[in-house]
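Q: For reference, the structure I am asking about is given below.
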Amino acid sequence: MFDTTKENSMAKVGFIGLGIMGAPMAENLQRGGHKLYLHDQKNPPYTLIEGGATVCTSGSEVAKRADIIIVMVPDTPHVEAVLFGEDGVAAGLTAGKTVVDMSSISPIATKDFARRINALNCDYLDAPVSGGEVGAKAASLTIMVGGPQAAFDAVKPLFELLGKNITLVGGNGDGQTTKVANQIIVALNIQAVAEALLFASKAGADPAKVRQALMGGFAASRILEVHGERMVKRTFNPGFRIELHQKDLNLALQGAKALGVSLPNTATAQELMNACAANGMSGLDHSALCRAIELMSNHQIAQA
């Protein structure tokens, strides 16, 4: 098995998907001294190429040249296409390599993908992340991993270049299950912050000062800190798009149906995101969830 520790030679790392999250993550791996093999629908960032990364024409070429192949794309069908589509990663794998899916996708599909990669005598880790663009750039992501202990131990030095809170939760699929749980909590907190700030604003209080006061109490949270500020300042340029959070909540609700459990507040948050999307806001940051509540209340938390 390959070794990614500092005492040994740099790892050959493939990276597929160089969007808002993937590009800074790849840059952090490159800064860590690892050789990168890149593939994306668009041209990879020039800074990565200038730093010595090799651009590949397909997923199979990435798999042939790298020992560890990281995938960071939007949704379950994209991961399946990257791995098993024509000229995909699976076509280029040889025994002993490791595929690491850091996308946020279906836990059920993940278990199937892992079985198919394992059948090629390769390891599979599902390792979705939380922290958004800010965390990707700062290498402070939370990384939730599912898969075998040995593969996790081998890849962990790479994870440590990307994040701070790195946990092997369990077997394949458990990382994705944890990410779905994370997205439920984040969505409900965004909804709570939006309702609280709108209530305060409509009552005549300064929402910026209300937020400042609440940050010193039991209601303090990263959502109140970061997304509450976005709501007050009206800065909804995407760190994590509404359409992607819609996808994650859909995974939660599909999973709840399969498990026979009720997630009533998750369903409400999904409907608020649906309302935003219906009003042309699917590409905005998920903090813009407040816009749905504002539309229903005929009142904005703050003016631009």
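The values are calculated or read from the model by the stated rules, or taken from the named source; none is laboratory data. Predicted, not measured: the structure shown is a model, and the values here were computed from it. With ideal geometry, Cβ positions are generated from the backbone for all residues, glycine too; neighbour counts draw on all protein chains shown. We work out accessible area using only protein heavy atoms, side chains counted, and drop any ligands, DNA or RNA first. Shrake-Rupley method; radii C 1.70, N 1.55, O 1.52, S 1.80 Å.
Q: Might you let me know whether region 10-17 holds any residue that is in a loop (DSSP other than H, G, I, E, B), among the aliphatic types (A, V, I, L, M) and either at pLDDT 95 or above or open to solvent by less than 50 Å² (accessible area, probe 1.4 Å) (or both)?
A: Within region 10-17, the subset in a loop (DSSP other than H, G, I, E, B) is 10-11, 17.
Of the ones still in play, those that are also among the aliphatic types (A, V, I, L, M) are 10-11.
Right, trim to either at pLDDT 95 or above or open to solvent by less than 50 Å² (accessible area, probe 1.4 Å) (or both) and you get 11.
Yes, region 10-17 contains at least one residue that is in a loop (DSSP other than H, G, I, E, B), among the aliphatic types (A, V, I, L, M) and either at pLDDT 95 or above or open to solvent by less than 50 Å² (accessible area, probe 1.4 Å) (or both).
Q: Assess whether D206 counts as being of a type in the set (D, E) and open to solvent by less than 20 Å² (accessible area, probe 1.4 Å).
A: Numbers: of a type in the set (D, E): yes; open to solvent by less than 20 Å² (accessible area, probe 1.4 Å): no.
In short, no.
Q: Okay, moving on. Could you list, in sequence order, all residues of region 129-161 that are more than 17 Å from T177 (Cβ to Cβ), in a loop (DSSP other than H, G, I, E, B) and not hydrophobic (A, V, I, L, M, F, W, C)? Full working, then the answer.
A: Of the residues in region 129-161, the ones more than 17 Å from T177 (Cβ to Cβ) are 131-141, 149-151, 153-161.
Still in the running and in a loop (DSSP other than H, G, I, E, B): 131, 139-140, 160-161.
Within region 129-161, G131, S140, E160 meet the criteria.
Q: Still on this structure, I have one more. Within the set of pairs 6 or more residues apart or between chains, which connect a residue that is in contact (Cβ under 8 Å) with a residue 60 or more places away in the chain inside region 106-120 to a residue that is surrounded by fewer than 18 Cβ atoms within 10 Å (Cβ to Cβ) and of a type outside the set (S, T, N, Q) with Cβ atoms less than 8 Å apart?
A: I108/A258
Q: If a residue has to be touching a Leu at 6+ places or on another chain (Cβ under 8 Å) and among the basic types (K, R) to count, how many in region 89-129 make the cut?
A: So the count comes out to 1.
Q: Inside region 164-202, can you point out the residues that are open to solvent by 30 Å² or more (accessible area, probe 1.4 Å), in a helix (DSSP H, G or I) and either small (G, A, S) or in contact with a strand residue (DSSP E or B) (Cβ under 9 Å, 6 or more places away or on another chain) (or both)?
A: Scanning region 164-202 gives D174, T177, T178, A181, N182, A192, A196.
Q: If you don't mind, another one. Scan region 245-304 residue by residue and report those that are charged (D, E, K, R) and under 20 Å from the mean Cα position of the chain (by Cα).
A: Listed by number, the residues that qualify are K247, D248, D285.
Q: Something else about it: Restricting to region 112-128, and then to whatever is in a helix (DSSP H, G or I) and of a type outside the set (A, V, I, L, M, F, W, C), can you tell me which residue is most open to solvent (accessible area, probe 1.4 Å)? It would help to see each step written out before you state the result.
A: Of all residues in region 112-128, those in a helix (DSSP H, G or I) come to 112-118.
Subset that is of a type outside the set (A, V, I, L, M, F, W, C): 112, 115-116, 118.
Values: D112: 55, R115: 148, R116: 91, N118: 68 Å².
Here the answer is R115.
Q: Restricting the search to region 92-105, which residues are open to solvent by 20 Å² or more (accessible area, probe 1.4 Å), of a type in the set (V, I, T) and touching a residue at least 60 places away in the same chain (Cβ under 8 Å)?
A: Matches in region 92-105: none.
Q: Still on this structure: Within region 196-227, how many residues turn out to be in contact (Cβ under 8 Å) with a residue 40 or more places away in the chain and under 25 Å from the mean Cα position of the chain (by Cα)?
A: Going through region 196-227 one residue at a time, the tally reaches 2.
Q: While we're here: Before we move on, is A66 open to solvent by less than 60 Å² (accessible area, probe 1.4 Å), among the small types (G, A, S) and at pLDDT 95 or above? Before you say what the answer is, go through the steps one by one.
A: Working: open to solvent by less than 60 Å² (accessible area, probe 1.4 Å): yes; among the small types (G, A, S): yes; at pLDDT 95 or above: yes.
For A66, the condition - open to solvent by less than 60 Å² (accessible area, probe 1.4 Å), among the small types (G, A, S) and at pLDDT 95 or above - is met.
Q: For residues that are assigned to a helix (DSSP H, G or I) and closer than 17 Å to V100 by Cβ, scanning just region 30-59, find the one that is most open to solvent (accessible area, probe 1.4 Å).
A: Residues of region 30-59 that are assigned to a helix (DSSP H, G or I), as a first pass: 30-31, 46-50, 59.
With closer than 17 Å to V100 by Cβ added as a condition, the list becomes 30, 59.
Working: Q30: 39, G59: 7 Å².
So the residue we want is Q30.
Q: Applying the selection to region 134-160, what residues are at pLDDT 95 or above, closer than 21 Å to G19 by Cα and surrounded by fewer than 17 Cβ atoms within 10 Å (Cβ to Cβ)?
A: If the condition is that a residue be at pLDDT 95 or above, closer than 21 Å to G19 by Cα and surrounded by fewer than 17 Cβ atoms within 10 Å (Cβ to Cβ), then A138, S140, E160 are the ones that fit.
Q: Among the residues of region 76-103, how many are assigned to a loop (DSSP other than H, G, I, E, B), closer than 19 Å to K156 by Cα and either under 17 Å from the mean Cα position of the chain (by Cα) or among the hydrophobic types (A, V, I, L, M, F, W, C) (or both)?
A: Our first condition is that a residue be assigned to a loop (DSSP other than H, G, I, E, B); within region 76-103, this holds for 85-88, 93-97, 102-103.
In the following step, the residues that additionally are closer than 19 Å to K156 by Cα were identified as 96-97, 102-103.
Filter once more, so that each one left must be either under 17 Å from the mean Cα position of the chain (by Cα) or among the hydrophobic types (A, V, I, L, M, F, W, C) (or both): 102-103.
Residues that pass the stated criteria total 2.
Q: Taking the condition of being open to solvent by 30 Å² or more (accessible area, probe 1.4 Å) and either of a type in the set (S, T, Y) or more than 15 Å from M296 (Cβ to Cβ) (or both), how many residues in region 248-276 meet it?
A: Filtering region 248-276 down to residues open to solvent by 30 Å² or more (accessible area, probe 1.4 Å) leaves 250, 253-254, 257-265, 267-268, 271, 274-275.
Then drop every residue that is not either of a type in the set (S, T, Y) or more than 15 Å from M296 (Cβ to Cβ) (or both), which leaves 250, 253-254, 257-265, 267-268.
Residues that pass the stated criteria total 14.
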